Amino acid sequence: MTLLQVRGLTKKHDDVGVLNGVDFSLCKGEIKIVMGPSGCGKTTLLRCLNRLQEPSSGEIIFDGEEITAAAVDIQQVRQRIGFVFQNFALYRHLSALDNVKLGLRKLRGLSDAEATQRAIYELSRVEMQDHQDKYPAHLSGGQQQRVAIARALVMDPAVLFFDEPTSALDPLMAREVANLLNRLHDEKVTILCVTHDVTLAKNLPGDVLFLNHGRVEAEAPISELMKNHANENVRAFFEQKAPSE
Amino acid sequence: MTFLEIVSILARGAGFTILVTLACILTGFFSGLLAALLFRLDIRPLNWLLHAFTYTFRGIPLLVILFLVFFGLPSIGLPIPPLVAMMLSLGLICGAYLSEVFRGALEAVDPNELMAAQSMGMRRIQILTAIEIPQMLRFSAPGMLNEFTTVLKYSPFAYTVGVPEILKEATSLALTTLRGMEIYLAVGVLYFLIYKIMMEMFLWVERRYAIPGFKQI
Ligand SMILES: Nc1ncnc2c1ncn2[C@@H]1O[C@H](COP(=O)(O)OP(=O)(O)OP(=O)(O)O)[C@@H](O)[C@H]1O
Ligand SMILES: [Mg+2]
């Protein structure tokens, strides 16, 4: 069943098209990877999908609702889209536990006890229960990311967006991210993941959406994209990424 | 009359000094906070008004504003009690400086965190109260302490509008006893004690709400 359907999505910055008509869909429980050269519009795409940036035109149908309409309560929509940022963006004045609790307290109106219980459960899901009282400044990049994931998951989102989940981590932690995403996928979490990390993409089950100059130029499993693909931009991208393969 | 007796007489005035200082600090804190938050709305005409507020209260001497309020307003039918006159002059001057401190501290809040809060579906006001203000207040601590001690040191101006604070008591005492040296020395000691206690209390609060590893990035 389709969870997210995007049609003809464009985004202009001062008349320069960053997204030039993006079409794709995402099914419930699916994991989809967005790849493409730097500056092709990957981050912009994610941010347009929950209207952190306003799209210039196009349709975004999320869970049956057209969410670019002016009348839409976008805050309500955003509560159902978990977003894990490249730099994790934990609230630095709150402990790991309070970072995860904040949404439950402020947006769901849960009691402190209930919120704590749910947050601890979510932190243990990403193996961070032993660090719940630490503040972001005292967590490693990988640990911050796990807290950020718990913070997104605790709201029980219909879909989880990741922007470059491995770019701020060392290679070992990057491999852990693949494991974590696979585990979430097994638990039927729907995921849209932007990355330029070929290793990560190879270790994830979903199709790759290849974005170039704000357009989807290919959509296929990564193995196909890497096998002398018909599109020369795709070939150029993967040759540059993994020249030896 | 011993030095200790002098101090104990002056201490009666200390109550008024503390009252004036606290009243002006509170006025400054809330007017500064309000001004900083209104600046954040970024509405043109409002920005002009706020700039006018900060420039006026930072640019005109305290005594001039104080006299304008205390002696000027009654002449147009608005009598102002001395304490309120202090709040409207010294308090708002403190507020004008604090609004700059707060504005700077608001700028220091990481925009990525604000975007994260927005992406969670938090509304503007929720982001303000849950993220921006708590961080801003912590960033502002050194600037706030600075402004608060300035208020204490300018509080003797309350004497000029008839508040019986330390300096006023001291002056009366000095006139009748002619022991100015000891008396004004005692005044200095008292102000220093109040300053010290105030600072320790502030630092206690600051430590109480300190966050491990939290600093401006
Ligand atoms: N606010 C803005 N004003 C003007 N141009 C912008 C703005 N934000 C992004 N752009 C441009 O939009 C294009 C796409 O940016 P985006 O951040 O989406 O790329 P990306 O695919 O995420 O790149 P990277 O892989 O480097 O993260 C870039 O060319 C960028 O310069
Ligand atoms: Mg990007």
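Things worth noting here:
- The distance between label points at A:R175 and B:R40 comes to 4.5 nm (points 7 Å beyond Cα on the Cα→Cβ vector).
- Most simply put, chain A has about 60% antiparallel DSSP beta bridges, counting only bridges with both residues inside it.
- For the stretch A:93-226, convex hull volume per residue from C-alpha positions, Å³: 128
- Residue among B:L50, B:T149, B:P134 farthest towards the positive dipole end of the stretch B:3-208, charges placed on Cβ: B:L50
- Only helices enter the 222 nm calculation for chain A: every DSSP H run of n ≥ 4 contributes -39,500 (n - 2.57), and dividing by all residues gives -10000 deg cm²/dmol, rounded to 500.
- Computed over the Cα atoms of the protein assembly as shown, pair by distinct pair, the Kirkwood hydrodynamic radius stands at 26.1 angstrom.
- Taking amide H as placed 1.01 Å from N in the peptide plane, A:T10 has its amide H under 5 Å from the amide H of A:G21, A:V22, A:S56, A:S57, A:G58, each at least 5 places away in sequence or on another chain.
- Stokes-Einstein D in µm²/s, Kirkwood radius over Cα pairs - the stretch A:76-146 at 37 °C with 0.692 mPa s viscosity: 263
- On the basis of the beta-carbon distance and an R0 of 51 Å, B:L63 and B:R124 show a calculated FRET efficiency of 0.80.
- Full-extension gain in nm, A:D156 to A:N182, via 0.36 nm per residue minus C-alpha separation: 7.6 nm
- Overall, the ratio between the Cα radius of gyration of the stretch A:1-64 and 2.2 N^0.38 Å, rounded to two decimals, is 1.09.
- For the protein assembly as shown, the Cβ-based charge dipole about the Cα centre amounts to some 860 debye (Lys, Arg positive; Asp, Glu negative; other atoms uncharged).
- Cβ-based charge dipole, chain A, positive-most Cα from A:Q75, A:N99, A:H229: A:N99
- Number of partner chain Cβ atoms within 10 Å, mean per residue of B:120-128: 5
- Cα gyration tensor shape for the stretch B:1-43, rounded if a/c is under 1.5, else prolate or oblate: prolate
- For the stretch A:166-224, the alpha-carbon coordinates run over 30, 27, 19 Å along the three principal axes, in decreasing order.
- Put a plus charge on the Cβ of each Lys and Arg, a minus charge on the Cβ of each Asp and Glu, and nothing anywhere else: the dipole of the stretch B:3-208 about its Cα centre is then about 200 debye.
- Just so you know, the averaged projected area of the alpha carbon convex hull for the stretch B:3-208 sits at 14.0 nm².
- Loop sites in the stretch A:125-204: GluC sites (Glu not before Pro), DSSP, at most 14 other Cβ within 10 Å: A:E127, A:E187
- Annotation: the antiparallel percentage among DSSP beta bridges lying fully within the protein assembly as shown is about 60.
- For q = 0.14 Å⁻¹, Debye-computed log10 I/I(0) when each Cα of chain A counts as one equal scatterer: -0.94
- Cubic angstrom per residue, convex hull over Cα atoms of the stretch B:118-217: 135
Laboratory data are not the source of any read-out in this text; all were calculated from the coordinates shown. This structure is a prediction, so every number in the text was calculated from the model and none was measured. Glycine also receives a Cβ, built like all others from the backbone with ideal geometry; neighbour counts cover every protein chain displayed.
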